[in-house]
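A quick write-up on the structure given underneath.
The values are calculated or read from the model by the stated rules, or taken from the named source; none is laboratory data. Quantities reported herein were computed from a predicted structural model and do not represent experimental measurements. Glycine also receives a Cβ, built like all others from the backbone with ideal geometry; neighbour counts cover every protein chain displayed. What goes into the accessible areas is simple: the full protein's heavy atoms, side chains included, and nothing from ligands, DNA or RNA. Shrake-Rupley method; radii C 1.70, N 1.55, O 1.52, S 1.80 Å.
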Amino acid sequence: MSNYDLTKHELLAQPRRWLITGVAGFIGSHLLEQLLLLNQAVVGLDNFSTGSSQNLEEVSNSLAPEQFARFALIEGDITRLADCRQACQNVDVVLHQAGLGSVPRSIKNPLASHAVNVSGFLNVVEASRENGVRRIVYASSSSVYGDSIELPKQEERIGNALSPYAATKQIDEIYAQVFARTYRMEFMGLRYFNVFGPRQNPHGPYAAVIPLWVSALIENRPVVIHGDGTTSRDFCYVHNVVQANILAATCPSPSAVNQVYNVALNARTSLNELFAIIRSGLAEKRAHAASARPQHQAPRPGDIPHSQADIAKASRFLGYEPTHTLQSGIAETLAWYLRADRQPAADPVP
């Protein structure tokens with residue numbers, strides 16, 4: 001039995017009360033679904049600026065009514081301390097997923113990224129402290145590795161930030177260290193590497209590459225690759241991210257606490273390879289996809305050329321073992337997007 005399976009059995013025996021910020025988002029809704037399947041009590045906080053009520057409806061439809069009844073939604077904003085204080089009441093663990101993603105968005109509007117990703121993070125942390133929350137697991141990012149060319153990326157060595165978004169995630173990690181030392185709080189930072197999966201929004205100017213390409217190929221629209229396609233990433237299926245969050249939230253080892261961990265596969269896939277995998281997977285259901293060819297445009301400012309995670313630390317301290325490869329994750333993702341009635345609705349982008 002894996003450490004993750006053992007942890008799920010323990011949670012079923014001893015339920016906790018969880019707060020998920022950004023609960024209506026892509027990752028947040030998957031966390032909600034898994035925790036409710038484990039009969040946990042969950043409070044969710046979301047302002048629906050990038051999250052979707054459709055994600056919550058899908059979670060509701062996938063569960064028994066008595067399971068979804070353990071979920072309480074607070075429609076609020078992490079930039080308002082009062083909302084965070086309300087959400088943190090009587091909570092055992094916080095899974096902080098709310099934030100404004102996207103390097104290009106942060107370059108266009110650095111003040112918005114700072115307000116949500118830094119000031120919002122600080123509000124959640126302070127509200128947690130005031131309410132005596134035991135542990136906070138928070139979403140960091142592979143972007144903190146910045147201009148470091150070392151591969152695979154190891155947690156202890158980062159480079160210079162290349163975007164305001166990367167800077168906000170570095171600041172969050174610093175605040176976590178300070179609050180841990182000053183207030184004896186427990187923090188677990190998870191550096192996500194290119195997360196993908198069902199419910200990821202393909203709409204808007206800041207959509208991630210996989211949902212953007214999948215949507216374009218299904219609808220027979222052009223696919224754009226920034227650069228020559230040799231840029232590579234460590235793409236991580238969302239179920240692996242859910243596992244990492246639950247393991248980090250429950251890990252009993254003192255040596256594992258107040259650390260940051262890479263969450264990925266320790267694999268590297270070029271954009272050209274990724275396009276070929278997606279095209280091949282869709283061609284079986286959408287014949288026109290078989291002949292699709294990408295359009296190449298100039299690289300985007302702030303993008304790093306290559307990214308790959310060393311996951312040995314998460315494996316050693318948390319017992320993290322990815323259950324999905326890129327290929328198996330893509331297969332599940334394509335199956336979801338091909339069900340037209342479950343395509344995510346376009347959401348407003350601040």
Problem set entry | Every residue from region 168-195 that is in contact with a helix residue (DSSP H, G or I) (Cβ under 6 Å, 6 or more places away or on another chain) and among the acidic types (Asp, Glu) | 172
Problem set entry | Residues (in contact with a helix residue (DSSP H, G or I) (Cβ under 6 Å, 6 or more places away or on another chain), of a type in the set (A, V, I, L, M) and under 21 Å from residue 105 (Cα atoms)) located in region 215-236 | 223, 225
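Filter region 207-216 for residues that are hydrophobic (A, V, I, L, M, F, W, C) and in a helix (DSSP H, G or I) and give the result.
The answer is 209, 210, 212, 213, 214, 216.
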Problem set entry | Count - residues of region 106-134 that are crowded, with 21+ Cβ neighbours inside 10 Å and in contact with a Ser or Thr (Cβ under 9 Å, 6 or more places away or on another chain) | 8
Exercise. Quick one: would you say residue 137 is touching a His at 6+ places or on another chain (Cβ under 8 Å) and either open to solvent by less than 10 Å² (accessible area, probe 1.4 Å) or at pLDDT 95 or above (or both)?
Worked result: yes
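Within region 217-253, track down each residue that is in a loop (DSSP other than H, G, I, E, B) and either in contact (Cβ under 8 Å) with a residue 40 or more places away in the chain or touching a Leu at 6+ places or on another chain (Cβ under 9 Å) (or both). Spell out how you get there, then give the answer.
Just the residues of region 217-253 that are in a loop (DSSP other than H, G, I, E, B), to begin with: 219-223, 227-231, 234-235, 251-253.
The answer is 220, 222, 223, 227, 228, 229, 230, 231, 234, 235, 251, 253.
Pick from 165, 175: which is of a type in the set (Ser, Thr, Tyr), modelled with pLDDT of 95 or more and more than 17 Å from the chain's Cα centre (by Cα)? Give the derivation first.
Working: 165 fails: more than 17 Å from the chain's Cα centre (by Cα).
Unique residue meeting the criteria: 175.
Table: residues versus (1) open to solvent by less than 20 Å² (accessible area, probe 1.4 Å); (2) closer than 26 Å to residue 329 by Cβ.
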{"position": "149", "(1), (2)": "no, no"}
{"position": "152", "(1), (2)": "no, yes"}
{"position": "160", "(1), (2)": "no, no"}
{"position": "164", "(1), (2)": "no, no"}
{"position": "174", "(1), (2)": "no, no"}
{"position": "190", "(1), (2)": "yes, yes"}
{"position": "203", "(1), (2)": "no, yes"}
{"position": "213", "(1), (2)": "yes, yes"}
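Counting only residues that are open to solvent by 10 Å² or more (accessible area, probe 1.4 Å) and either within 20 Å of residue 233 (Cα to Cα) or in a strand (DSSP E or B) (or both), how many does region 176-188 have?
So the first thing to find is which residues in region 176-188 are open to solvent by 10 Å² or more (accessible area, probe 1.4 Å), and the list is 177-186.
Okay, now just the ones that are also either within 20 Å of residue 233 (Cα to Cα) or in a strand (DSSP E or B) (or both), so 186.
Total satisfying the criteria: 1.
Has region 119-136 got any residue that is aromatic (Phe, Trp, Tyr), more than 25 Å from residue 250 (Cβ to Cβ) and either touching a Leu at 6+ places or on another chain (Cβ under 8 Å) or part of a helix (DSSP H, G or I) (or both)?
Of the residues in region 119-136, the ones aromatic (Phe, Trp, Tyr) are 121.
With the extra rule that they be more than 25 Å from residue 250 (Cβ to Cβ), the set shrinks to none.
No, region 119-136 has no match at all.
Sort through 209, 214 and tell me the only one that's under 21 Å from residue 113 (Cβ atoms) and either in contact with a Leu (Cβ under 9 Å, 6 or more places away or on another chain) or free of Cβ contacts under 8 Å to residues at least 24 places away in the same chain (or both). Let's see the steps before the verdict.
On the way: 214 fails: under 21 Å from residue 113 (Cβ atoms).
Sole residue among the options that is under 21 Å from residue 113 (Cβ atoms) and either in contact with a Leu (Cβ under 9 Å, 6 or more places away or on another chain) or free of Cβ contacts under 8 Å to residues at least 24 places away in the same chain (or both): 209.
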Exercise. So residue 285 fits all but one of (1) open to solvent by 70 Å² or more (accessible area, probe 1.4 Å); (2) closer than 22 Å to residue 140 by Cβ; what number is the exception?
Worked result: (2)
Exercise. With (1) open to solvent by 10 Å² or more (accessible area, probe 1.4 Å); (2) touching a residue at least 40 places away in the same chain (Cβ under 8 Å) as the list, and residue 330 as the residue in question, which single condition is left unmet?
Worked result: (1)
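Condition check: in a loop (DSSP other than H, G, I, E, B) and either more than 23 Å from residue 242 (Cβ to Cβ) or under 15 Å from the mean Cα position of the chain (by Cα) (or both). Does residue 204 satisfy that? Don't jump to the end; show me each part of the working.
Working: in a loop (DSSP other than H, G, I, E, B): yes; either more than 23 Å from residue 242 (Cβ to Cβ) or under 15 Å from the mean Cα position of the chain (by Cα) (or both): yes.
It is true that residue 204 is in a loop (DSSP other than H, G, I, E, B) and either more than 23 Å from residue 242 (Cβ to Cβ) or under 15 Å from the mean Cα position of the chain (by Cα) (or both).
Name every residue in region 254-303 that is in a loop (DSSP other than H, G, I, E, B), of a type outside the set (Gly, Ala, Ser) and under 26 Å from residue 161 (Cα atoms), in order of residue number. Can you show your working first?
Of the residues in region 254-303, the ones in a loop (DSSP other than H, G, I, E, B) are 257-258, 264-268, 284-286, 292-294, 298-303.
Within this subset, residues satisfying the condition of being of a type outside the set (Gly, Ala, Ser) are 257-258, 265-266, 268, 284-286, 293-294, 299-301, 303.
Passing the criteria: 257, 258, 265, 266, 268, 299, 300, 301, 303.
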For this session: From (1) modelled with pLDDT under 95; (2) crowded, with 24+ Cβ neighbours inside 10 Å, pick out the condition that doesn't hold for residue 227.
Result: (2)
Exercise. Does region 270-291 include one or more residues that are more than 29 Å from residue 338 (Cα to Cα), in contact with a Ser or Thr (Cβ under 7 Å, 6 or more places away or on another chain) and modelled with pLDDT of 95 or more?
Worked result: no
Exercise. So which residues in region 3-53 are open to solvent by 40 Å² or more (accessible area, probe 1.4 Å) and part of a loop (DSSP other than H, G, I, E, B), if there are any at all?
Worked result: 14, 15, 16, 39, 47, 48, 50
Exercise. What residue, among those in region 288-298 that are exposed (fewer than 15 other Cβ atoms within 10 Å of the Cβ) and of a type in the set (A, V, I, L, M), is farthest from residue 227 (Cα to Cα)?
Worked result: 290
